[in-house]
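One structure is given here, and the rest of the page talks about it.
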Amino acid sequence: MINHLITQKNWQTQLSEAITSVDELLSILQLESMRAGVYVPKHFVLRVPRGFVAKMAIGDCSDPLLKQVLPDQQEQINVTGYVADPLSENTQNPVKGMLHKYQSRVLLTITGACAIHCRYCFRQHFDYSANMPTADAKEHIINYIKANPEVNEVILSGGDPLNVTNRRLFAWLDTLESLPQITTVRLHTRLPLVIPARLDTALLDRLSQSRCRIVMVIHCNHANEIDELTAEYLQRVRVAGVTLLNQAVLLKGINDTIDAQVQLSQRLFASGVLPYYLHVLDKVAGAAHFDSNEGAAIDLYWALLASLPGYLVPKLVRELPNKPFKVPMDIYNHS
Ligand SMILES: *Cc1c(COP(=O)(O)O)cnc(C)c1O
Ligand code: SF4
């Protein structure tokens, strides 16, 4: 019942009422006994909307959704090889607010804000304030795209691009649609899982009317993130003519079992979403405890290939700086 009331609220209310207090979160989940092991960071603080918390199990300290958001003491441990900017992104933006790493597509960080703070996030140390597109940056971005005719797709990312108002988002869509070379606009967003009500009618109407093909790549790591209401919203996105894909991150203790991955793919497909990427963790400082070793990832992948139809097996990739695509893991060569 409480769950029902939370998720009926307007998305911006849900966004502003997100939990930022460790004590409140643990109290809702009846996990006060965990308090001593929890770390309270000064930057990239705890942030989780209540509707997402409602998908967690009461009293379960190893709930796969809780583990994605609850800061752990282990974040403070300095581990060799885990750095602030693992993808060297701070050096790959020719124009403020834009990354051009792969030939045919550019990625725009239209906001630094996210509805939820995922502890493994590779952008947790990214300097958004220095990289936000300001009003004149938009013009620079347009000029850059025009000067690079091989760009036919623009990815709106962040932060989370659905964290901005429809008005701001539609302004970006208008701009991109006015460029004849752009055939596809892609949204990389976690909001459909975190606050499904973000997928409001105005947004879906606007997407369905676009001149461009619209692709929405959601970010769901565990089947429990998709409850009935979420599935219903995702189906509406599909009905609006949007191609729905998922990218997940392989996370130790969260989704690194064959059961977890099979259930994730099946739940996604039941909601109209196809698996796209399964990312090996980017080696970002503070996230080493989520990293499963490469051999284990590849063993898991072989098991997935044997368990699922080909279209439900995501590509297992690692992102490396200075590579012209997300690099497939070499499943035939591992120790
Ligand atoms: C992930 C990413 C893309 C998209 O890559 P696809 O393989 O097309 O999904 C584009 N640009 C940047 C900078 C990225 O990190
Ligand atoms: S929603 Fe995406 S960008 Fe935001 S914290 Fe989570 S993983 Fe990072």
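Rule-based calculations on the coordinates, nothing more; no lab input. For clarity, every value in this text was computed on a predicted model and none was experimentally measured. Note that we place each Cβ from the backbone using ideal geometry, even for glycine, and neighbour counts take in every protein chain shown.
Just a few scattered comments:
- Additional length obtainable on full extension of the chain from residue 307 to residue 16, 0.36 nm per residue less Cα span: 100.6 nm
- Distance violations [Cα-Cα > 25 Å] among 9/283; 283/315; 101/315; 96/326: 9/283
- Sparse-neighbour loop sites [chymotrypsin sites (Phe, Trp or Tyr not before Pro); the stretch 245-335; at most 13 other C-beta within 10 Å; DSSP]: 325, 332
- Taking each DSSP H run with n ≥ 4 as -39500 (n - 2.57) and averaging over every residue of the chain yields -8500 deg cm²/dmol at 222 nm.
- Prolate/oblate/rounded call for the stretch 205-333, Cα gyration tensor, a/c under 1.5 rounded: prolate
- Residues whose amide H falls under 5 Å from that of residue 101, counting only those 5 or more places apart or on a different chain, are 107, with hydrogens built in the peptide plane.
- Both numbers refer to the Cα atoms of the chain; Rg and Dmax are 19.4, 58 Å.
- Residue-wise HN-Hα coupling along the stretch 240-257, computed from phi with Karplus coefficients 6.51, -1.76, 1.60 (Hz; x: Gly, Pro): 6, x, 8, 7, 10, 10, 10, 10, 10, 10, 6, 10, 4, x, 10, 9, 9, 10
- Computed 3J(HN,Hα) for the stretch 20-28, one whole-Hz value per residue from the Karplus formula 6.51 cos²θ - 1.76 cosθ + 1.60 where θ = phi - 60°, is 10, 9, 4, 4, 5, 4, 5, 5, 4, glycine and proline marked x.
- Just so you know, the averaged projected area of the alpha carbon convex hull for the stretch 4-76 sits at 5.0 nm².
- Between residue 35 and residue 166, the contour length at 0.36 nm per residue exceeds the Cα-Cα span by 43.3 nm.
- Shown is the FRET efficiency for residue 256 and residue 140, computed with R0 = 41 Å from the Cβ-Cβ distance and rounded to the nearest 0.05: 0.50.
- Loop trypsin sites (Lys or Arg not before Pro), the stretch 1-68 (other Cβ atoms within 10 Å of the site Cβ: 10 or fewer; DSSP): 42
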